[in-house]
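Input: a single structure, listed below in structure tokens.
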Amino acid sequence: MRKTHRSGSWTLRRQEEWIGYLFILPFAIGFIVFQFAPLLSSAAISLTNLSFISNLSGVRFIGLQNFTALFGDEQFTGAFWRTLYYGVLFVPGVIAISLFFAFLINRKIYFRSAIRTAIFMPYVSNMVAIAVVWALLLDVNDGPVNMLLRALGVENPPLWLLGEKTAIPSIVMIVVWQNIGFFMIVFLAALQNVPGELYEAAMIDGAGGFAKFRKITLPMISPTTFLLTITAVITSFQNFGPIQVLTKGGPGSASTTLSVNIYQESFVQYHIGYSTAQAVVMFLMILIITVIQWRGQKKWVTYS
């Protein structure tokens, strides 16, 4: 009887395992087909001289030549630094502004639901429509923004999207405006989960508003801040859409980041192998930054 019981338990366990495998099978197939296989094929293509204008018979293995050529390519290095510059502006900007609005809406204010909806609406809006509206607003000659600045006495208002030094900050401003709704909602959920007893105890101890924010709020929402920081970093690299729609990498190459440069190398210059090598480099950049963030989370993330 014991053997039968053990055999039955073992069979039931095996059945549960196979049912579990069946549940994860659709995800596993999708991951292999749409993510893992393209990743391997990209790594293989980056080691070749593949081009749109050449026959497959002319494709040959060239090893790391594409990668070594990147270090001497001023267009690539410029795009690399502009990508980092874009991220340095975007990540702290979207985190700080969305946290501010989440903290504001978490308090009892009039029209809180309407304000929250208004802030979230740009996130679900079409990027092309947003770009058209902002291009009109920031028009150098007839845009409402510059007309207002001139009325206030500014003789030479910014060139915004047409300036070499203002193109990337202007794009970042628009993208931050579009994304703060999502980040704000997540921050708001985290703020509402902070136990009220902690604030009451701090109030009894005589702590002020800033002290409660620094000693209670920030540590309690640090896991959410960590998650959103990683999300913001990845979003900062996914900047092709807004840049292509707003400036197409211009003026000149002032707003040409890695994603835009990869597109131009692929579909304008037809250098598929070389552009894929750049994509692999960008993937490694995101991976390294994410690993550093994961390793550093123990120093500032508080899990309770």
Would you indicate which of (1) 14.3; (2) 27.1; (3) 15.6 is the value of mean projected area of the Cα convex hull in nm² derived from the coordinates of this structure? (2)
Modelled label-to-label distance, residue 67 and residue 189, 7 Å Cα→beta-carbon offset: nm? 3.9 nm
First check a/c for segment 82-132, with a ≥ b ≥ c the square roots of the eigenvalues of its C-alpha gyration tensor; if it is under 1.5, answer rounded, and if not, answer prolate when a/b is larger than b/c or oblate otherwise. oblate
Once label points are set 7 Å from the Cα along Cα→Cβ at both residue 77 and residue 300, what is their separation, rounded to one decimal in nm? 3.0 nm
Here, trypsin sites (Lys or Arg not before Pro) of segment 104-144 satisfying both criteria (DSSP loop; at most 12 other Cβ within 10 Å) are 107, 108
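What is the sum of charges, Lys and Arg at +1 and Asp and Glu at -1, for the other residues whose Cβ falls under 14 Å from the Cβ of residue 149?
With Lys, Arg at +1 and Asp, Glu at -1, the net is -2.
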Centroid-to-centroid separation of segment 61-76 and segment 211-252 [C-alpha atoms, Å]: 30 Å
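Whats the longest run of the chain with zero chymotrypsin sites (Phe, Trp or Tyr not before Pro) that are DSSP loop and have at most 11 other Cβ atoms within 10 Å?
Free of exposed loop sites, the longest segment is 112-302.
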Running a GNM on the chain with Cα contacts under 10 Å, which residue among 247, 83, 11 ends up with the highest mean-square fluctuation? 11
Treating only Lys and Arg (+1) and Asp and Glu (-1) as charged, each at its beta carbon, one finds that the chain has a dipole about its Cα centre, in Debye to the nearest 20, of 1300 debye
Residue farthest toward the positive end of the dipole of the chain, with Cβ of Lys/Arg at +1 and Asp/Glu at -1: which of 167, 137, 89? 89
Return the single residue from 57, 41, 125 with maximal mean-square fluctuation; model: Gaussian network over the chain, springs between Cα atoms under 10 Å. 57
As a quick test, which of the pairs 212/298; 165/212; 108/298; 108/212; 108/299 have an alpha carbon distance above 28 angstrom in this structure? 165/212; 108/298; 108/299
Once you order the gyration tensor axes a ≥ b ≥ c over the Cα atoms, which shape class does segment 66-179 get: rounded for a/c under 1.5, otherwise prolate or oblate by comparing a/b with b/c? oblate
Amide H neighbours of residue 48 under 5 Å, counting only residues 5+ apart in sequence or on other chains, H built in-plane at 1.01 Å? 62
The answer for the chain, counting only DSSP H helices whose Cα atoms cover 24 angstrom or more along the axis and whose Kyte-Doolittle average is 0.0 or greater, is 74-105, 167-192, 272-300
State whether segment 157-302 is rounded, prolate or oblate according to the following rule on the C-alpha gyration tensor (a ≥ b ≥ c being the square roots of its eigenvalues): a/c under 1.5 gives rounded; otherwise a/b larger than b/c gives prolate, and the remaining case gives oblate. prolate
For the chain, with +1 on Lys and Arg beta carbons and -1 on Asp and Glu, the positive-most of 146, 285, 223 along the dipole: 223
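Taking the Cβ of each residue in 184, 147 as the centre, tally the other Cβ atoms inside 10 Å and list the residues starting with the fewest.
Final ranking by Cβ density, sparse to dense: 147, 184.
Each reported figure results from applying straightforward, stated rules to the coordinates on display, with no laboratory input. Source: prediction; values computed, not measured. Because the Cβ atoms are built from the backbone with ideal geometry, glycine has one as well, and the counts that use them run over all protein chains shown.
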